[in-house]
Structures are given as C-alpha cells and as structure tokens.
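Each reported figure results from applying straightforward, stated rules to the coordinates on display, with no laboratory input. Everything numeric in this text was worked out from a predicted model, so none of it was measured. Glycine gets a Cβ as well: all are built from the backbone with ideal geometry, and neighbour counts include every protein chain shown.
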Amino acid sequence: MSSITIQDRAVAINPTRSCAPIGAMLANYGIHGAITINHGSQGCATYPRHQMARHFREPVEVATTSLTEKTTVYGGKSNLLAALKNIWERFHPTLIMVCSTCLSETIGDDIPGVIDEFLERHPEVTIPILSVKTPSYIGNHTTGFDNFLKEIAGNLPDRRKKKGETNGKINIIPGWVNPGDIRELKHMLREMGLNGLWITDYSETLDGGYYEPRPHFARGGTTVEELRSSSKSLATIALQRYVGGEAARIYERRYGVPAHVLTMPIGLANTDAFVDTLVEITDHVIPEALQVERARLLDALVDTHMFTTGLRVALYGDPDLLEGLVGLVAEMGMTPAYVLTAADTMPWAEHMVELTEELGVESEIILKGDLHELHKRIKARPVDLLIGHSKGKFIADAEGIPLLRVGFPVEDRFGYHRRSIVGYNGSTALVDEITNLVFERRASSIVSNTLVERGVEGPSYVPISLPNGNGKLV
Ligand code: SF4
C-alpha cells in the first residue's frame, strides 16, 4: 500500500525547488512583447535570470526595482514608480507584469496601489499592468507560474461577450513545460484540425533562432489581443492540475468557458485523456496521424517491457510532472518506489496514493522533501533509475544510478528544453531513453533482444539467433 511522508526538518539540504518569481517570469515570457519588473533586490532578479538562462540557453531579460537598505526601511514605492516609467518610455512593451519577492512582501509594499497611482499619473499608458504575488516563502517556482496564470485569467479576458459569441479556439494552458513540449502539443492540435489559444506560449521566445537585426521583442508568444479574446473560446484545457488548473476554473466561473483540468499528458493513458477531451469538446475525429503515433507508443511499451518490468524508480520534482511520469513509469511495468516533491500539497499526495493504488504499484509519496532525504532512502533501499532535474546528479554519481533528466532546471545537458516528453511522440522518446539508460547500467551487451547482465560477460553465455531462427548457445 502506498504511503505519505511529510518531511519535517527546519532546513532543506539540496532542495528540489526554485524561487517563486521564476515561475511568473517564465509564464510572462509566453506573452509577445511583455516585460517583467521584479520588485526586490538585484539578486532577486539575477538568480531567476541565471537559472532560466542556464536551462533555456537564451538571454533572459527582466527589469528590477533594485531595492537597497534605504528602500527596505522606507518602502520601495519610488523605485517601482521610476521602473514603470522607464520601462514604458524605453521599451514600449505590450504588457508589464510586476512580481513581488520575499523582500517586497515582507516589508509590505502595496504593489497594486503603486500601479494604480502610476496609471493615474500617466494616462497615456494604456497597456495592461498586472501584479503577481510571488514570495518564495509561500510555495515555490510553480506557485509563481500558477499565480500569474490566475492573474491573466482574472484580468485580461474581455468581459463584453455577446451570448453565443465564440472565437472558435480552445484555450490550452500547458503549465510548466519546455518549449519543445508546447511545439508537440501544437502539432497534436494541428493534426486534429483545431485552433489553440496558448496561455501562455514561450515555445519560440525561449527557444528562438538567430535573427539579424535582432527583433525588438523575441519572436513568438501569445499576443495580448489573443488573451483578451480567450473569454470567447470554446473551452479551456489545463494540462496540469496545480499550474493552471485554477485559472481554467476562473474562465469557467467568470466567462462561462467550460474547464477541463487534466493530468500532464505523459504516457498512453494520460495522452489518450487529452485527445479524448479534444474530441469531446469539438466532435472532431482522431486523425490517422495521431492514431499512428499512438500505435507507435504502444509498440514501444510492448517491445521494452521485458527490460523494464519490475525495476524500481525514484522520481522527484514538481507535482504535475510527477503525476504524469508516474503514469508512464507504471505503463512500463516499473515501480515508482519514491515520489518526492518540495511542495506541501496534501490533496496532491492523497491523489497520488489513489493513483498508484489504481495502477497497482506501491510508492512512498514524500511532501516538503529534499534530495538529502531521497539519498538517505536510496542508500537504505536502492533503486534502478532516478528521474528528475539536474540537481539529482550527485545522488546518481554517488550511487552509480542512471539519471533521466526531466523537469527544471536541466543545466548540465544541452538542448533538453527543445525536446518533448508529452503526447504520444514525447512519451515514445521517453520510453526509448529510459530503456537505453537501463541497458547502460545493467548490461554489458544486448544480443538478439537478450540483455547480458554485467559480471556475466563472455562468449559462452551469449545467446544468439541463427539465420534459420533456431537459437543456439555458443
Ligand atoms: S529572496 Fe526570495 S525572491 Fe529573492 S531570490 Fe531569494 S528566494 Fe527568490
């Protein structure tokens, strides 16, 4: 039976979480021409920029109000007013998002009040200016992303909607994914003959090309006009429960746009649920191209099950990513022995217990966990594979366990932001990668589908198939 553990330690050792403003900044990168003002110390802007640049391999621009000792004592209002004016005059953005930080939240700066005062003083400024609460001591990077999505849903869509008026699109909230994932989801919608309205879309802004002259704003991203029309969409699909799920419900409550909140589409069943939802909303049939991709994933699961069934896996990272990955891991016949997140989300943990029991696997679900805790467990009872971001490499190196790098940040590999782990194609790629990692760890060689375990090498143990189909040991 699966169980829930809440890590109870005053400090985190090797945490699996990042800072909340990163999430809001990432989501804002998916809006064309939008600029972030980080209301805090310079470090609160530098750290997120650094983290994002190492993962996405793109220059990441963010403005800061650069609070100092004086503004920490007397308040940062004057700095924020100056920052809003500078950004407006120098860049002419399409939208400004002001995110708070631990510092500005602790000193109690009233960011919405300062924005109102700025707009009163500058009637020429007609763009939306949104404020998002992102203190890192409440939640983590996913909370920042989710909070910004709720701000978008609550403030940007056009409320003047005539009865029955529609833009013919489906709002898709991908959640915290990579640019490659968004492109894969777009491919699926294209194959279905559907128009998606992406809330938000950083598939190009954070994975762009080299252009000369350099565009004023990175190419791509959802426009503010599109976001305004999102209240007229046919439905909203949130592909993560904890990053975007509540925003989808806001669309339903405020604008009557039906909400569908799903598990991240990793693996066969989770991707089927996404495709079935698209069919349910639109009555479109599933095109042959997607049927072929599904069949290919199923074939990969069948072909690899003999190598992966029964293996124990440790997974760590963000709740939504873990939920999707556990589905795939179980489909591959593996046991998600430890599922660890830094989040403190009991409903998620309870759902994971139900899910793992439904899937017939036994897991320890760890809340508020860190990698030190995971390492202790792995030392006591080893696993065959680690799945998570780059910070787990120290466990992988120390214990000689392969690490499948997914999630954020992946900073010690190149191009991982470009690949996809969602949909039928992304899941097939993951199945291949997981199986190859198993081969590398366990086998000295693979001969005719037979895995020759390390330590038993030697020609006398290698089974081969003869051209006539009769197997013979040589
Ligand atoms: S002080 Fe808070 S907001 Fe600033 S970088 Fe650190 S965790 Fe992030």
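Could you work out how far the C-alpha centroid of the stretch 158-184 sits from that of the stretch 23-43, in angstrom? A separation of 21 Å, based on Cα centres. The long axis of helix 268-282 is offset from the longest Cα principal axis of the chain by roughly 50 degrees. Taken as Cα centroids, the stretch 61-96 and the stretch 261-287 sit 43 Å apart, rounded to the nearest whole angstrom.
For the pair GLU117 and GLU440, the difference between a 0.36 nm per residue extended length and the Cα-Cα distance amounts to 110.2 nm.
Each of SER390, SER18 was scored by other Cβ atoms within 10 Å of its Cβ. Listed from fewest to most, they are SER390, SER18.
Between 0 and 90 degrees, the angle of helix 319-331 with respect to the longest Cα principal axis of the chain falls at about 20 degrees.
With coordinates expressed along the principal axes, the C-alpha atoms belonging to the stretch 271-395 extend over 49, 34, 28 Å, beginning with the largest.
Taking packing as the residue-averaged number of other Cβ atoms within 10 angstrom, the listed peptides 151-158, 176-183, 67-74 run from highest to lowest as 176-183, 151-158, 67-74. Given a cut-off of 20 Å, name the pairs among LYS169/LYS232; LYS133/LYS393; LYS162/LYS232; LYS163/LYS232; LYS368/LYS391 whose C-alpha atoms lie farther apart than that in the structure shown. Violating the 20 Å limit, Cα to Cα: LYS133/LYS393. Placing R0 at 30 angstrom, the Cβ-Cβ distance between ARG253 and GLU61 gives a FRET efficiency of 0.30 after rounding to 0.05. Simple spin-label estimate for ILE6 and ARG183 gives 4.3 nm between the two label positions (7 Å along the Cα-to-Cβ direction from each Cα).
Each of CYS44, CYS99, CYS19 has some number of other Cβ atoms within 10 Å of its Cβ, and from fewest to most they run CYS19, CYS44, CYS99. What angle do you read, to the nearest 10 degrees and between 0 and 90, between the alpha-carbon axis of helix 179-191 and the longest principal axis of the chain? Tilt relative to the chain: about 80 degrees. Panel order for ARG9, ARG296, ARG241, by other beta carbons found within 10 Å of each beta carbon, from fewest to most: ARG9, ARG296, ARG241.
Take every DSSP beta bridge with both residues inside the chain and express the antiparallel ones as a percent of the total, to the nearest 5. Of all bridge pairs located within the chain, approximately 15 percent are antiparallel. The Cα-based radius of gyration and maximum Cα-Cα distance (Dmax) for the chain are 24.0, 87 Å.
Extents of the stretch 154-216, taken as max minus min of Cα coordinates on every principal axis and listed largest first, are 45, 29, 22 Å. Could you compute how fast the stretch 170-284 diffuses translationally, taking Rh as the Kirkwood radius over C-alpha pairs and applying Stokes-Einstein at 25 °C with viscosity 0.890 mPa s? Give it in µm² per second. Reported coefficient: 167 µm²/s. When the Debye formula is applied to the Cα atoms of the stretch 20-155, each taken as the same point scatterer, what base-10 log of I(q)/I(0) results at q = 0.11 Å⁻¹? With no solvent term, the Cα-only Debye profile gives -0.34.
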